[in-house]
Amino acid sequence: MSMFTAVEKTAQEAERQLARGEWQPIPGDVDLARQTAAALEQAVGPAEKRDAMLRIERLESLREALAAMALTVARTHGQLAWFLAQCTSDLTPVLHWRALPAPQGQAFGTVLPTPDDMTDAEHAVRRLNGMLARIATTPDHKP
């Protein structure tokens with residue numbers, strides 16, 4: 001399964017929970033969702049600019065997005081943490097990528113991603129960003 005497909009599936013579950021009232025983000029989660037969406041937007045940016053970037057820059061940006069997600073998971077509990085933890089898991093292949101050639105047996109199991117792999121991960125981050133932006137506009141509810 002592609003990373004985008006995995007994140008899409010997780011985002012659809014979140015959308016269902018929000019629509020049914022099963023997930024009512026508290027003000028703190030709304031703020032964290034807003035901050036994380038902004039960090040993801042800054043890290044990955046628009047698709048039009050990505051193809052012209054070097055693989056090392058694209059990988060760096062994807063790792064920054066994962067770092068932003070991990071920081072948010074560390075700062076919250078409940079459904080927002082669970083949602084972001086699942087999306088982080090969906091994006092773990094990024095952690096096994098490298099941008100530089102490595103001598104045989106000295107890459108700690110990392111692989112060079114294809115351009116399609118990079119694009120898939122970037123689309124997944126943008127989908128997650130969109131879902132966080134939606135959460136960030138959820139009316140405040142009391143816990």
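The values are calculated or read from the model by the stated rules, or taken from the named source; none is laboratory data. If you're wondering where the values come from, they're calculated on a predicted model, not measured in any experiment. Neighbour counts are summed over all protein chains in view; Cβ atoms, including those assigned to glycine, are modelled from backbone coordinates with ideal geometry. We work out accessible area using only protein heavy atoms, side chains counted, and drop any ligands, DNA or RNA first. Shrake-Rupley method; radii C 1.70, N 1.55, O 1.52, S 1.80 Å.
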So what's the angle, to the nearest 10 degrees on a 0 to 90 scale, between helix 79-90 and the longest Cα principal axis of the chain?
20 degrees
Calculate how steeply helix 115-136 sits against the longest principal axis of the alpha-carbon atoms of the chain, using the helix alpha-carbon long axis, and give the answer as 0 to 90 degrees to the nearest 10.
20 degrees
Heavy-atom accessible surface of the stretch 13-143: percent carbon and sulfur, 1.4 Å:
56 percent
Under a 10 Å cutoff between Cα atoms, tell me which one of Glu22, Glu48, Glu57 has the largest fluctuation in the Gaussian network model of the chain.
Glu48
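What value does the stretch 90-143 have for Rg/Rh, both radii from Cα atoms and Rh as Kirkwood defines it? Walk me through the numbers before you get to the answer.
Working: Rg = 17.1 Å, Rh = 13.7 Å.
Across the stretch 90-143, the Cα-based Rg/Rh ratio is 1.24.
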Pick from Ala102, Ala68, Ala124 the residue whose mean-square fluctuation is largest in a GNM of the chain, springs joining Cα atoms under 10 Å.
Ala102
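Treating only the Cβ atoms of Lys and Arg (+1) and Asp and Glu (-1) as charged, compute the dipole magnitude of the chain about its Cα centre; round to the nearest 20 debye. Walk me through the intermediate numbers first.
Details: 15 positive and 18 negative charges, 34 e Å.
Computed about the Cα centre, the dipole is about 160 debye.
Based on Cα coordinates alone, diagonalise the gyration tensor for the stretch 51-118, multiply each eigenvalue by 5, take square roots, and list the semi-axes in whole Å, largest first. Don't skip to the end; give the middle numbers.
On the way: eigenvalues 141, 37, 19 Å².
Calculated on Cα positions only, the semi-axes equal 27, 14, 10 Å.
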Restricting things to alpha carbons, tell me how big the stretch 1-79 is in terms of Rg and Dmax, in Å.
14.5, 43
Could you tell me which of Ser61, Thr36, Gln24 has its Cα farthest along the dipole of the stretch 20-69 towards the positive end, charges placed at Cβ (Lys, Arg +1; Asp, Glu -1), taken about the Cα centre?
Ser61
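Summing -39500 (n - 2.57) over the DSSP H runs of n ≥ 4 in the chain and dividing by its residue number, what mean residue ellipticity at 222 nm do you reach, to the nearest 500 deg cm²/dmol?
Details: 6 runs with 94 residues, N = 143.
So the calculated ellipticity at 222 nm is -21500 deg cm²/dmol.
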So how far, in whole Å, is the C-alpha centre of the stretch 34-77 from the one of the stretch 88-136?
10 Å
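Work through the residues other than Ala43 whose Cβ is under 10 Å from its Cβ and net out their charges, Lys, Arg +1 and Asp, Glu -1.
Around Ala43, the charge tally is -3.
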Counting only C-alpha contacts under 8 Å and six or more residues apart, can you give the relative contact order of the chain as a whole percent?
45 percent
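Can you pull the semi-axes for the chain, root of five times each eigenvalue of the Cα gyration tensor, sorted largest first, whole Å?
On the way: eigenvalues 177, 41, 35 Å².
For the chain, the semi-axes come out at 30, 14, 13 Å.
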